[in-house]
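*Asks:* Can you keep this structure in mind? I'll have questions shortly.
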């Protein structure tokens, strides 16, 4: 596990949103939860019905770990984890509350470093990655931090308890991901992030972000660009500790199949060049349509 944070007196609560299409709490989620547990208390809610009793493996590292399908995506799970904390009267115990989802693998590096950097910015709301959208710049919702003037406020309680199932991802992004940052700003809350990544860079630039200290890698990088990101992913996997690499590969093989992962992470330079060329030619062709 990682070195503990320098801010040991900071009391943190992590609200973790999980999802697994097979209903399993696997090694990658367990690794994340164990890492978070080193820096604070953890509550997990998975947006899927459990297929087995694997979620019980999270119990030693959590205040609560539950799985039940609700269809409200990550904010629906954040809501349920928040309600557990609120209704058990423990929110006042914390200095900072984080909302984190398992759309990422990691932590790949010392999480305490990232937590310290974010918390030293002294914003009321903060996160790892800012999407600098011209019309709606916002904190990406997979890693959001909040101080007491946010998570103990009436407006945040109204916002998070008002999360409902929506008809599309675009609506969810507008109402909840962009909506949280906009709402915080409207209440005079300053916000900021460690990284600013435009467009889909958080998916497509995993090597650069890792080298820049990003402690997580987006899972969807494994299936983007016709496998053209395989070389970047392989770089990251070769440089992380063996335990997190094993957890990542276990999840990836179960999600996409061992044959695909072997193909993706090939060391064959000809295959790497061919699939990258195929992707860029396809992209260029589509750009002319």
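The values are calculated or read from the model by the stated rules, or taken from the named source; none is laboratory data. From a predicted model like this one, the values you see are computed outputs, not experimental measurements. Neighbour counts run over all protein chains shown; Cβ positions are idealised from the backbone, glycine included.
*Asks:* From the list 87, 49, 53, 26, pick out the single residue that is touching a strand residue (DSSP E or B) at 6+ places or on another chain (Cβ under 7 Å) and either assigned by TED's automatic domain parsing to the domain that holds residue 157 or over 19 Å from residue 149 (Cα atoms) (or both).
*Replies:* Among 87, 49, 53, 26, only 49 is touching a strand residue (DSSP E or B) at 6+ places or on another chain (Cβ under 7 Å) and either assigned by TED's automatic domain parsing to the domain that holds residue 157 or over 19 Å from residue 149 (Cα atoms) (or both).
*Asks:* Going by the structure shown, is residue 13 crowded, with 18+ Cβ neighbours inside 10 Å, in contact with a strand residue (DSSP E or B) (Cβ under 7 Å, 6 or more places away or on another chain) and part of a helix (DSSP H, G or I)?
*Replies:* No; evaluated as a whole, the condition is false for this residue.
*Asks:* Applying the selection to the stretch 49-64, what residues are more than 23 Å from residue 10 (Cβ to Cβ) and crowded, with 21+ Cβ neighbours inside 10 Å?
*Replies:* Selection gives 55 alone.
*Asks:* Still on this structure: For the stretch 124-139, what are the residues that are crowded, with 20+ Cβ neighbours inside 10 Å and part of a loop (DSSP other than H, G, I, E, B)?
*Replies:* Within the stretch 124-139, 124 is the sole residue that qualifies.
*Asks:* For the stretch 148-250, which helices (runs of 4 or more DSSP H) that fit wholly inside it have 2 or more residues that are over 25 Å from residue 138 (Cα atoms) and more than 18 Å from the chain's Cα centre (by Cα)?
*Replies:* So the answer is 230-239.
*Asks:* Considering (1) touching a helix residue (DSSP H, G or I) at 6+ places or on another chain (Cβ under 9 Å); (2) in a helix (DSSP H, G or I); (3) within 26 Å of residue 182 (Cα to Cα), say which one residue 114 fails and leave the rest.
*Replies:* (1)
*Asks:* Quick one: would you say residue 81 is part of a helix (DSSP H, G or I) and more than 27 Å from residue 150 (Cα to Cα)?
*Replies:* Here the answer is no, as residue 81 does not meet what is asked.
*Asks:* Is it fair to say residue 35 is in a helix (DSSP H, G or I) and surrounded by fewer than 17 Cβ atoms within 10 Å (Cβ to Cβ)?
*Replies:* no
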